[in-house]
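To start, the structure under review is shown below, and the notes come after it.
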Amino acid sequence: MSNRNNEEESSQSSTYVNNPHLKDMEEDVLYHLNLATSTHDLHEMFGDVKFVCVGGSPQRMKSFSEYIAGELGLADAEYPNICGGTDRYAMYKTGPVLSVSHGIGIPSMSVMLHELNKLLYHARCTDITMIRMGTSGGIGLEPGTVVVTKQAVDSRFQPRFKQTVLGKSVVWSTELDSELAEELLQYSKELPEFNTIIGNTMCTMDFYEGQARMDGSFCSFTEEDKKKYLDEAHTAGVRNIEMESSVFAAMCKRGNIPAAVVCVTLLDRLKGDQITCSPDVLHNYEKRPQGLVGLYIKKHEK
Ligand code: R2B
Ligand code: URA
């Protein structure tokens, strides 16, 4: 297994991408975003983007873009889905804010981020900050609590993202921008309607057994095993569990992009597995990370 500490990549001055082959390509087709360098002037379309916000669901990213349009005084225009030609991902641009959906899980996030990072590179964007807003299961937290991720950890509670390349395991660091996380935590004090904490986020490959749930179609462990594992996670500083933070952190670090993860908890995993909150409560919870990230953008947007 090769253990890369990213020195090789972070020593490069280019940001967003680090691929010597890109410059030899006549055209770059961002297939899953339905964009291409030959058919779209990416600099013209995206050159002024400063904040890239990503989240799992296309509908949530649409409502975030509408919310941010209101916050930035840009609500009098229409903002169509830029990736309307495909139903893989959705993308909305409101002023300097790009809102993009990433689907569920590491592979879906990874594919989207490869193409998004190339988009930022082709568009010659500068000073980008990237934030994932999402949902998660909490550990020992009141449902509705927002967790700003300190470290994105794997299912052994290590801050690493393992990937298979050419049949071999490669490990990437999942370090996030600690100043950005601290700043988000400070701004959360202006939103007293809900609790925000900082803690480690465990990223898993599955929602059910992979997150120690006993309500999937299969279950290969006992209640005691589950309790022991979640207790160990809590002792390791894990406060919430979701499915994309590790690859998100690793790919932002490889692209030299300051990044943060802000997720609301939908339930306390020490008390259950099923998500039983009403659609109204769920909707209210889902807006919490958006409110905090919106506040951050408003404070930084000139
Ligand atoms: C949180 O919620 C989704 C699973 O329900 C997944 O995308 C995640 O990370
Ligand atoms: N998303 C997850 O990945 N896990 C949960 O428990 C809730 C939302």
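We did not get these values from a lab; they are worked out from the coordinates using the rules stated. Keep in mind the model is a prediction, meaning the values are calculated, not measured. As a convention, Cβ positions derive from the backbone with ideal geometry for all residues, glycine included, and neighbour counts pool all protein chains shown.
Some values worked out for this structure:
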item: Acute angle (nearest 10 degrees) that the helix 245-254 long axis makes with the longest principal axis of the chain, alpha-carbon atoms; result: 40 degrees
item: Over the stretch 1-127, equivalent-ellipsoid semi-axes from the Cα gyration tensor in Å; result: 26, 17, 15
item: Fewest-first sequence of Thr235, Thr37, Thr145 by Cβ atoms within 10 Å of each Cβ; result: Thr235, Thr37, Thr145
item: Sorted by Cβ neighbour density within 10 Å, fewest at the top, the residues Lys271, Lys302, Lys253, Lys93; result: Lys302, Lys271, Lys93, Lys253
item: Debye intensity ratio I(q)/I(0), log10, the stretch 206-302, q values 0.18, 0.22 Å⁻¹ (C-alpha model); result: -1.05, -1.25
item: Per DSSP, loop GluC sites (Glu not before Pro) in the stretch 26-107 with at most 16 further Cβ within 10 Å; result: Glu26, Glu27, Glu78
item: Listed pairs Lys23/Lys50; Lys253/Lys287; Lys162/Lys299; Lys62/Lys226; Lys23/Lys253 exceeding 30 Å between Cα atoms; result: Lys162/Lys299; Lys62/Lys226
item: Paramagnetic reach from Ala77 (point 7 Å along Cα→Cβ, amide N under 18 Å) across the stretch 268-302; result: 298, 301-302
item: Lysines whose Cα lies under 18 Å from that of Lys228, excluding same-chain neighbours fewer than 8 positions away; result: Lys271
item: Sequence-separation-based contact order of the stretch 194-302, relative, with Cα cut under 8 Å and 6+ spacing, percent; result: 26 percent
item: Cross-link reach list, aspartates and glutamates versus Lys227, counting only Cα pairs under 15 Å and skipping chain neighbours closer than eight places; result: Glu209, Asp215, Asp268, Asp273
item: For q = 0.12, 0.16, 0.23 Å⁻¹, Debye-computed log10 I/I(0) when each Cα of the stretch 73-145 counts as one equal scatterer; result: -0.45, -0.75, -1.19
item: Order of Ser173, Ser188 - criterion: other Cβ atoms within 10 Å of each residue's Cβ, fewest first; result: Ser173, Ser188
item: Relative contact order (percent, whole number), the stretch 96-189, Cα cutoff 8 Å, 6+ residue spacing; result: 16 percent
item: Low-density loop cleavage sites - GluC sites (Glu not before Pro) in the stretch 187-231, where at most 14 other Cβ are within 10 Å (DSSP); result: Glu190, Glu193
item: The chain, relative contact order [Cα under 8 Å, separation at least 6], %; result: 25 percent
item: Between helix 279-300 and the chain: long-axis angle, C-alpha atoms, 0 to 90°, nearest 10; result: 50 degrees
item: For the stretch 133-302, Kirkwood radius (reciprocal of mean inverse C-alpha pair distance, Å); result: 16.5 Å
item: Among beta bridges that DSSP assigns inside the chain, antiparallel share in %, nearest 5; result: 40 percent
item: Tilt relative to the chain, helix 178-188 - C-alpha long axis, 0 to 90 degrees, to 10; result: 70 degrees
item: Considering only the stretch 1-127, percent of DSSP beta bridges that pair antiparallel, nearest 5; result: 55 percent
item: The stretch 27-60 and the stretch 67-136: distance between their alpha carbon centers, rounded to Å; result: 7 Å
item: 5 Å binning of all Cα-Cα separations within the stretch 54-105, expressed as whole percents from 0 upward; result: 5, 24, 33, 22, 11, 4, 1
item: Convex hull per residue volume in Å³, alpha carbons only, for the chain; result: 145 Å³
